[in-house]
Amino acid sequence: MPEIKNSYKERAIEEYVLKEDPFYIPIKDEIELFEAAYEQKLPVLLKGPTGCGKTRFVEYMSWRLGRPAASVKRKSKKENEGERQIPLVTIACHEDLTASDLVGRYLLEGEETKWIDGPLTRAVRVGAICYLDEVVEARKDTTVLIHPLTDHRRILPIEKRGIVLEAHEGFLLVISYNPGYQSALKDLKQSTRQRFIAIEFNYPPKEIEKEIIKHESGVDAQTALDLARLGEKVRNLKDHGLQEVVSTRLLIYAGRLIAMGISPRRACDAAVVYGIIDDPEVQKSLQEVVSTIFE
């Protein structure tokens with residue numbers, strides 16, 4: 001791999017390293033699976049509905065794997081003490097995302113042309129976890145370029161520069177998508193999908209969701225439990241005409257409004273009822289559900 005000046009490495013790492021421990025409560029064995037994948041350099045696919053904690057999980061694993069006492073078996077504790085933290089590069093995918101957006105491009109700087117690395121290239125160079133969020137939103141010809149990074153080669157061809165970049169030992173590619181939005185045009189190609197191990201996510205059980213809401217919104221335990229109960233009831237309506245259900249994220253938003261003095265019913269209207277549906281009749285039904293919990 002071409003040599004990179006230390007100043008560049010340090011600047012790229014500093015830009016993306018998490019400064020604090022992200023709050024995360026494991027649901028199943030997702031932490032152990034991710035650690036094993038990182039150890040074996042296996043790319044990871046996170047599947048689950050919007051707002052269920054996929055991004056927070058990646059942030060938490062980036063922080064966890066960078067700790068000296070991380071439970072990864074690659075080195076002894078003494079050797080780990082000298083390790084740097086593992087940076088995280090997050091890329092929000094969209095239909096206009098091009099290969100140049102990921103890899104890099106030549107730009108004019110003064111009277112000369114200078115190459116600027118894209119976020120994927122920076123992650124490959126410095127050994128970051130690169131997280132492509134909602135990867136199915138990206139153009140198919142763009143996602144194809146990640147294929148050489150997902151097998152034994154672990155390389156990134158940069159055609160505009162005529163070089164092939166070998167991935168740093170610490171590099172890991174992680175992608176996510178929401179299976180609920182699958183369609184003929186917005187689905188993950190099998191040629192891409194079968195290059196990743198998959199970890200499935202869903203909304204957490206009520207007791208765990210209560211703890212998440214309490215921590216993230218600042219409401220008391222009873223209010224957090226009531227919001228978790230609301231989430232459970234709304235999700236049970238998915239098979240009864242409700243296309244979208246409430247995410248943990250929206251329940252936290254409702255909690256934050258309540259913590260600021262907004263009445264629970266009004267907060268739930270703003271964050272939940274009006275946030276997930278526009279149909280007046282369905283909104284009215286959801287408000288009745290809210291009123292059974294927040295009397």
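Within the stretch 111-126, residues that are assigned by TED's automatic domain parsing to the domain that holds I163 reach partners that are polar (S, T, N, Q) and surrounded by 12 or more Cβ atoms within 10 Å (Cβ to Cβ) with beta carbons closer than 8 Å, at six or more positions or on different chains, in the pairs G118/S100. Scan the stretch 70-90 and tell me whether some residue there is under 20 Å from the mean Cα position of the chain (by Cα), of a type in the set (D, E, K, R) and at pLDDT below 95. Among the residues of the stretch 70-90, not one is under 20 Å from the mean Cα position of the chain (by Cα), of a type in the set (D, E, K, R) and at pLDDT below 95, which makes the answer no.
Report yes if L132 is in a strand (DSSP E or B) and more than 20 Å from the chain's Cα centre (by Cα), otherwise no. Here the answer is no, as L132 does not meet what is asked. Each residue in the stretch 236-295 was checked for being out of contact with any Pro (no Cβ under 9 Å at 6 or more places or on another chain), closer than 15 Å to A224 by Cα and hydroxyl-bearing (S, T, Y), and 2 pass. Of everything in the stretch 198-214 that is surrounded by fewer than 14 Cβ atoms within 10 Å (Cβ to Cβ) and touching a residue at least 60 places away in the same chain (Cβ under 8 Å), the residue that is farthest from T292 (Cα to Cα) is A198.
Given the options S217, S263, name the one that is at pLDDT 95 or above, over 16 Å from V290 (Cβ atoms) and not assigned by TED's automatic domain parsing to the domain that holds M61.
Working: S263 fails: over 16 Å from V290 (Cβ atoms).
Answer to the selection: S217.
Checked against (1) buried (at least 19 other Cβ atoms within 10 Å of the Cβ); (2) over 16 Å from V44 (Cβ atoms), V144 passes all but a single condition, namely (1).
Within the stretch 165-176, none of the residues are out of contact with any Cys (no Cβ under 6 Å at 6 or more places or on another chain) and part of a helix (DSSP H, G or I).
If we keep just the residues of the stretch 112-133 that are of a type in the set (D, E) and farther than 16 Å from T98 by Cβ, which is surrounded by the most Cβ atoms within 10 Å (Cβ to Cβ)? Ranking the qualifying residues of the stretch 112-133, first place goes to D133.
Working carefully through the options L250, L257, find the one that is closer than 27 Å to G180 by Cα and at pLDDT 95 or above. Spell out the reasoning first.
Details: L257 fails: closer than 27 Å to G180 by Cα.
Selected residue: L250, the only one of L250, L257 that is closer than 27 Å to G180 by Cα and at pLDDT 95 or above.
Residues checked against (1) touching a residue at least 12 places away in the same chain (Cβ under 8 Å); (2) buried (at least 18 other Cβ atoms within 10 Å of the Cβ); (3) within 30 Å of the chain's Cα centre (by Cα):
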| site | (1), (2), (3) |
| --- | --- |
| V246 | yes, yes, yes |
| L250 | yes, yes, yes |
| A254 | yes, yes, yes |
| P264 | yes, yes, yes |
| Y274 | no, no, yes |
| P280 | no, no, no |
| E295 | no, no, no |
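Remark: pairs (first residue in the stretch 29-58, more than 29 Å from V246 (Cα to Cα) and assigned by TED's automatic domain parsing to the domain that holds F171; second residue part of a loop (DSSP other than H, G, I, E, B) and among the aromatic types (F, W, Y); Cβ separation under 6 Å; 6+ apart in sequence or on different chains) = P43/F196.
On the given criteria, is P148 within 25 Å of Q194 (Cβ to Cβ), within 20 Å of the chain's Cα centre (by Cα) and of a type outside the set (A, V, I, L, M)? No, not satisfied.
The values are calculated or read from the model by the stated rules, or taken from the named source; none is laboratory data. This structure is a prediction, so every number in the text was calculated from the model and none was measured. Positions of Cβ are backbone-derived with ideal geometry, glycine not excepted, and every protein chain shown enters the neighbour counts.
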